[in-house]
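The values are calculated or read from the model by the stated rules, or taken from the named source; none is laboratory data. Keep in mind it's a predicted model, so treat the numbers as computed, not measured. Backbone-built Cβ (ideal geometry, glycine too); neighbour counts: all protein chains shown.
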Amino acid sequence: MKGGDLAIMNNGSLKRGFARASIVLSCFGLVCMWIPLIFARSDWALLIILGTIAILCALMIKYLKLRCPFCGFGGLMPQWSKNDTYHCPKCGKLIHWE
Ligand SMILES: [Zn+2]
């Protein structure tokens, strides 16, 4: 899919709900993965699996839902709060976070 199609689809703006979901999921995933390492508990594999799944979900949201509406660049930093000064690192266009 080309960047132009994406811009038409979402009016050139990104949903902050998706950004927040991806931030929360990745934080949750990192905590789940670090706890067993910090306490050196190998029997907490379930936490690591849970953490991995959470991070994978966060990455999926990030790459599927948080692409630049103009050029389709998938490496944008999810913005938690309304930020109208964030520019796409690739094409330099202003990204509007709904
Ligand atoms: Zn861009």
Filter result for the condition that a residue is modelled with pLDDT under 95 and away from the ligand (no atom under 16 Å from the Cβ), over L47, L76, L6: L47
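State yes or no: is G92 within 16 Å of the ligand (Cβ to nearest atom), at pLDDT below 90, surrounded by fewer than 18 Cβ atoms within 10 Å (Cβ to Cβ) and in a loop (DSSP other than H, G, I, E, B)?
no
Taking I61 as the residue in question, decide whether it is touching a residue at least 12 places away in the same chain (Cβ under 8 Å) and either more than 19 Å from R16 (Cα to Cα) or within 15 Å of the ligand (Cβ to nearest atom) (or both).
In short, no.
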Restricting to region 48-70, name every residue that is buried (at least 17 other Cβ atoms within 10 Å of the Cβ) and more than 14 Å from the chain's Cα centre (by Cα). I48, G51, P69, F70
Identify, from the list C27, C32, C68, C57, the residue that is in a loop (DSSP other than H, G, I, E, B) and either at pLDDT 90 or above or not charged (D, E, K, R) (or both). C68
